[in-house]
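Participant: Supplied in structure tokens, the structure appears directly below.
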Amino acid sequence: MSRTTRLLVAFCFLLPAVLCVFLLRLWPAGLALRNSLIAPGDGGYSLENYRYIFTDPDFLNSLKVTLVYSVIVNPLQIGIALALALLVNAKGPLIGFSRTLILLPVAIPQSVSAVVWGVALRPDGQINAILVALGIEPQRFLTSPNQALMSIMLIVSWIGVGYWMTFILAGLQDIPKALYEAVVIDGANRWQQFWYVTLPQLRRPLTFVLVADTVANFLVFAPVQILTAGGPEGSTNLIMNDIYTKAFVISDPESAAATTIVLVSAVLIVVTLQFHLMSRGEDR
Amino acid sequence: MKRMIGIALASLAGLMAAAGGAQADQTTLNFLSAQKDSIVAPMIEGFEKKYPDIRVVHQSVPFNDLNAAVESRIAQGDTSIDLVHADTPRIPAFASQGYLLKLDDRRAAIEKAVPNKVDLEQVSWDGSIYAYPMWTSTQLLYYNKDLLKKAGIDMPSADPSKRLTWKQLLDMAKKAQEAGAKWGVTFQQVDRYYQLQMLFESKGAGPGLTGEGLLTPAVNTAPWVEVGKWYGDLYKDGLAPRGVTPEQTDELFINGQVAFIIGGPWAISRYDGNSDLHYAVAPVPYFEGGKPVTPTGSWAIAINPHSQKIDAARKFAEYVSLDPEGAALSVKTNPLPPVNAEAYKIYAEGMKKLTDRIGPVIDIISYETQNTAIGRPRTRGYVTFETVMNRAFSDIRNGADAKTTLDGAEQQLKRALARIK
Amino acid sequence: MNEHSSALRYAAIILAALVFFMPLWWVAISALRPADEIFRYISPLSLQSFWPEHWTLTNIVGLWEGSFRRAILNSLFVSAVTVIVGLAICSMAAFALAVIDFPLRNAVFMTMVVSFLIPFDAIAVPLFGIMRDLRLQNTYTGLILPGIGNGLAVFLLRQFFLGIPKELREAGFVDGMGWFGIYWRIYLPLSGPAMISAALILFVFQWQAYLWPLLIAPAPQFKVAAVAIAQFSGQYDVNFGLIFAAALFISVIPMVILTILQRFYSASVASSGGKE
């Protein structure tokens, strides 16, 4: 099979997807890039929009908030998803149903999830009612600059963890029993089975979940938009919320475009790093 | 698998049929608004009866997304929208960007039908009229009669000349809370400039914007900080609830959890739906030494200058704003006062029926809209201003220091408003 | 891994499911009780917080009579077509990226990855301009197109295909199959679980889509469920009863679909028999 033939065949397989991705994602992104280089009111190209956002305390704050958020929420969600996947990887009545229930939140419109949790986390809401019943002091949650970001993490995790769990579960169920049987014969206990068989076999699904979850978390904003508008005191102003506000509320699409380019670049770097990290020692 | 392909093909056929199903011989107007279909239906029905060769299709978009829809469609020269419902504070921004058709040729007719100067100002920008005014708004003080009785408080008078001061109201609210009410007072639209502007104006602190085109912020002056602190203290002292969003404040009043709520007349139909709730209305309070102020402004109907059916569009716009029949229908299922003077009389007749139960609502509404109404600042930077201020109010409500917050807002506004060219 | 569930494990699973389900239960009971009682019992906790005293179908009925019925059907149609077409083109692309060794392969793969890094809302307006110029406003095509080329689904399937042993492919060549034959007759049948996961990605993308349908198809007959539910939040009054009733519908449907998929899923895993 010659190189040219392979290229041609690959081209045929790839054409529809690449066409869609190009026309519907990359081309508009290119337009956005071009927009970001045009200052409002000017005709020509300049870096004015970038200068504006990098001297904007709001934007710089949103970078910080997004960073803190990502560093905490990604390991948290993946850890919980992994634990849940291990837990529900079993046979039995109602287990399939339980899996569906855990996955279900991702199918609810985000506006509804946000409202429901917004009510639950109200100072007089159900969560505080439960805490009080357990003898704990009621918390401020979304009304406190110290707790609001964690509350958003809670909400986003409730929505998404089942989704990530599903992918890890698929990976788990793909692991051939023979591998486990082999190490069990050698006397491995549960933990060793996990460490020497499960984790290595999960490398590919975990890479997928790590990258996809990281990206998804960088793009979070619906709960913020609906519940906190970036507050209190900017503590939940995730970068995507900043972009959305600039683009659709304040009608400053140029600085929104510049912020988007910064965001995409940052995420690209993070994702590339993750790929490198996960593929070290991939050869089997 | 085969079944799914079958369904897909059938639906595709349906799609093609739908695409080709245009009406012949009829002009179809597309009307973009943030209202529910049920509110717009009576006026469309009335219009189509009067002009059988014009059909109006209502495209309803949620309020928070209307701006996005207008920006992305009208800004790009879309001809598929003929009429757009414009929120009056946004008219300067839309008009200056060319999204709205100038209506100066109809000025005489508009001024005749809508004599109230404040209402006219709401649809104008830079000396020209850009939209047909439809509705206006005001605010009322609602109180829970049962909670006040329990606390032994006298019911506030419905006479605007005997209006409560804020101090008096807070005292009553505290008493009600001590007698068992969960909360003393709340605003309906907490943390929103529309709702809170009346506080700053009443104190004489001004709207927060000054200068050329009202693009210079002035939100950290001493009176602003004073009122800001007053607002924050309501929540610090536990008199008003934190964490409840504007969509949920009505529920507090309906469930008898708050003694006083300052809200718009649209709340009446909601409150009336509850037989357990015994309430009445009074004029909103003011700051002693200052003047009584009420918020105002609502929706107006404008025409897309790129529309290809401008004459037909005019007919509809004038029907629902200048024609008393249409104007009255526009508020049939929507509890807002129409600005059309003739239609207002019809509206007033209907509202008079409420007097026995909840007090002279219509008298208060008429008085406020004519005497104490102050509109939101007419500026291209209004949305930017409002976004930053709403955040500031929210932070103050959640406990942040008023001066620091307003200083921060001032800085943000200076930067953001400078971007508007 | 021990697959027989101990009682403890069982209890843990049920507990986890309950914790995730609790907020949805609140949505359900709020949909089925009079709208004005929804917020009455959130605190202090009482029996009524979890089990309404007055049940009513008013909200559900009120929903069904309106345009919501059409919105749900629209969402179903758009999501279904997205999944079918999307699976086809994404799996083909993933196959090429995982299996065929061609120059610039990694570059194309990174392009796919970049595509799902781009926040959709940030390109919605330029994309809208493009689609409008193609006259795809207020069409089903306009709604469906952005959903079918999903970089994430391509990524997922590529990861999976990478794990299928080369020997199977080589055997296919020996048997005289062309590339397409290998794709269709060897890789796809082995990919049940992965395809279902990819279907989930495509489905969720469309089911949750809000801003795009709002911009491209605001006409009443093309409204999708996620947009329709926002209708019930008027500027002056929010009808939470209708919102939650709508939410109930919007979630029950995927729940049914997911439950059915769970069955396919386990059957797939059993029949593809793992690897080797």
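Participant: Answer yes if at least one residue in segment C:62-69 is over 30 Å from A:Leu121 (Cα atoms) and within 11 Å of another protein chain (Cβ to nearest Cβ), and no otherwise.
Facilitator: yes
Participant: Name the residue that is surrounded by the fewest Cβ atoms within 10 Å (Cβ to Cβ), counting only residues in segment C:207-221 that are within 9 Å of chain B (Cβ to nearest Cβ) and in contact with a helix residue (DSSP H, G or I) (Cβ under 9 Å, 6 or more places away or on another chain).
Facilitator: Top of the filtered list is C:Gln221.
Participant: Quick check on segment B:70-93. Is at least one of its residues out of contact with any strand residue (DSSP E or B) (no Cβ under 9 Å at 6 or more places or on another chain), away from every other protein chain (no Cβ under 12 Å) and at pLDDT 90 or above?
Facilitator: Scanning segment B:70-93, I find at least one residue that is out of contact with any strand residue (DSSP E or B) (no Cβ under 9 Å at 6 or more places or on another chain), away from every other protein chain (no Cβ under 12 Å) and at pLDDT 90 or above, so the answer is yes.
Participant: Hey, another quick one. Consider A:Ala229 against the criteria (1) more than 10 Å from chain C (Cβ to nearest Cβ); (2) hydrophobic (A, V, I, L, M, F, W, C); (3) part of a helix (DSSP H, G or I): it satisfies all of them except one. Which criterion is unmet?
Facilitator: (3)
Participant: Moving to a separate point now. Could you please let me know if C:Asp121 is under 30 Å from B:Ala75 (Cα atoms) and either more than 19 Å from the chain's Cα centre (by Cα) or part of a helix (DSSP H, G or I) (or both)?
Facilitator: Yes: the conditions hold for C:Asp121.
Participant: In segment C:1-34, how many are within 29 Å of the chain's Cα centre (by Cα) and either among the aromatic types (Phe, Trp, Tyr) or more than 7 Å from chain A (Cβ to nearest Cβ) (or both)?
Facilitator: Of the residues in that region, 16 qualify.
Participant: Evaluate the following for A:Gln139: is it touching a Lys or Arg at 6+ places or on another chain (Cβ under 6 Å), more than 7 Å from every other protein chain (Cβ to nearest Cβ) and surrounded by fewer than 20 Cβ atoms within 10 Å (Cβ to Cβ)?
Facilitator: No.
Participant: Hey, another quick one. With respect to A:Ile168, determine if the residue is under 28 Å from C:Ile257 (Cα atoms), facing chain C (nearest Cβ under 7 Å) and touching a helix residue (DSSP H, G or I) at 6+ places or on another chain (Cβ under 8 Å).
Facilitator: Judged against the criteria, A:Ile168 is not a match.
Participant: Given (1) under 20 Å from the mean Cα position of the chain (by Cα); (2) assigned to a helix (DSSP H, G or I), where does B:Val84 come up short, assuming only one miss?
Facilitator: Among (1) under 20 Å from the mean Cα position of the chain (by Cα); (2) assigned to a helix (DSSP H, G or I), the lone unmet condition for B:Val84 is (2).
Per-residue answers, yes or no, for (1) closer than 26 Å to C:Ile229 by Cα; (2) in contact with a Phe, Trp or Tyr (Cβ under 9 Å, 6 or more places away or on another chain):
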site	(1), (2)
A:Gly79	no, no
A:Leu87	no, no
A:Gly92	no, yes
A:Leu101	yes, yes
A:Pro105	yes, yes
A:Val112	yes, yes
A:Val132	no, no
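Participant: Within segment C:247-262, restricting attention to residues that are facing another protein chain (nearest Cβ under 7 Å) and closer than 11 Å to A:Ala107 by Cα, which residue is surrounded by the fewest Cβ atoms within 10 Å (Cβ to Cβ)?
Facilitator: Among residues in segment C:247-262 that are facing another protein chain (nearest Cβ under 7 Å) and closer than 11 Å to A:Ala107 by Cα, the one surrounded by the fewest Cβ atoms within 10 Å (Cβ to Cβ) is C:Met255.
Participant: Among the numbered conditions (1) assigned to a loop (DSSP other than H, G, I, E, B); (2) in contact (Cβ under 8 Å) with a residue 12 or more places away in the chain; (3) facing chain A (nearest Cβ under 10 Å), tell me where C:Pro52 comes up short.
Facilitator: It fails just one condition, (3).
Participant: Continuing with the same structure: So, C:Ile84, is that one in a helix (DSSP H, G or I), under 30 Å from C:Thr141 (Cα atoms) and of a type in the set (A, V, I, L, M) or not?
Facilitator: yes
Participant: Select from segment B:94-116 the residues that are more than 17 Å from B:Ala327 (Cα to Cα), assigned to a loop (DSSP other than H, G, I, E, B) and touching a strand residue (DSSP E or B) at 6+ places or on another chain (Cβ under 7 Å) and list them in ascending order.
Facilitator: Once the filter is applied, which keeps residues that are more than 17 Å from B:Ala327 (Cα to Cα), assigned to a loop (DSSP other than H, G, I, E, B) and touching a strand residue (DSSP E or B) at 6+ places or on another chain (Cβ under 7 Å), segment B:94-116 yields B:Leu100, B:Leu101, B:Lys102, B:Leu103.
Conditions (1) within 12 Å of chain C (Cβ to nearest Cβ); (2) on the phi < 0 side of the Ramachandran plot; (3) of a type outside the set (D, E, K, R), marked per residue:
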position	(1), (2), (3)
A:Tyr52	no, yes, yes
A:Pro57	no, yes, yes
A:Leu63	no, yes, yes
A:Pro75	no, yes, yes
A:Gly79	no, yes, yes
A:Leu82	no, yes, yes
A:Leu86	yes, yes, yes
A:Lys91	yes, yes, no
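Participant: Checking the structure you have, find out if any residue of segment C:8-18 is assigned to a loop (DSSP other than H, G, I, E, B) and either on the phi < 0 side of the Ramachandran plot or modelled with pLDDT under 90 (or both).
Facilitator: no
Participant: Among the basic types (Lys, Arg) and buried (at least 24 other Cβ atoms within 10 Å of the Cβ), is that true of C:Arg158? Spell out the reasoning first.
Facilitator: On the way: among the basic types (Lys, Arg): yes; buried (at least 24 other Cβ atoms within 10 Å of the Cβ): yes.
The answer is yes for C:Arg158.
Residues checked against (1) in a strand (DSSP E or B); (2) surrounded by fewer than 19 Cβ atoms within 10 Å (Cβ to Cβ); (3) among the acidic types (Asp, Glu):
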{"position": "B:Leu169", "(1), (2), (3)": "no, no, no"}
{"position": "B:Gln177", "(1), (2), (3)": "no, no, no"}
{"position": "B:Thr186", "(1), (2), (3)": "yes, no, no"}
{"position": "B:Leu196", "(1), (2), (3)": "no, no, no"}
{"position": "B:Glu201", "(1), (2), (3)": "no, no, yes"}
{"position": "B:Gly206", "(1), (2), (3)": "no, yes, no"}
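Participant: Where in segment A:140-215 are the helices (runs of 4 or more DSSP H), entirely inside, with at least 2 residues that are under 13 Å from the mean Cα position of the chain (by Cα)? Don't jump to the end; show me each part of the working.
Facilitator: Working: elements: A:148-173, A:177-185, A:190-193.
Qualifying helices (runs of 4 or more DSSP H): A:148-173.
Participant: Would you mind telling me which numbered condition in (1) closer than 22 Å to A:Ser36 by Cα; (2) facing another protein chain (nearest Cβ under 9 Å) A:Leu238 fails?
Facilitator: (2)
Participant: Tell me the residue from A:Ile78, A:Ile130 that is out of contact with any helix residue (DSSP H, G or I) (no Cβ under 8 Å at 6 or more places or on another chain), surrounded by fewer than 22 Cβ atoms within 10 Å (Cβ to Cβ), farther than 30 Å from C:Ala71 by Cα and not polar (S, T, N, Q), please.
Facilitator: The unique qualifying residue is A:Ile130.
Participant: Step by step: first the residues of segment B:343-359, then only those that are surrounded by 15 or more Cβ atoms within 10 Å (Cβ to Cβ) and under 15 Å from B:Pro115 (Cα atoms), then the one that is nearest to the chain's Cα centre (by Cα). Which residue is that?
Facilitator: Selected residue: B:Tyr344.
The values are calculated or read from the model by the stated rules, or taken from the named source; none is laboratory data. Values in this document were obtained by computation on a predicted structure and should not be read as measured data. Ideal geometry is used to build each Cβ from the backbone, glycine not excepted, and the neighbour counts take in all protein chains shown.
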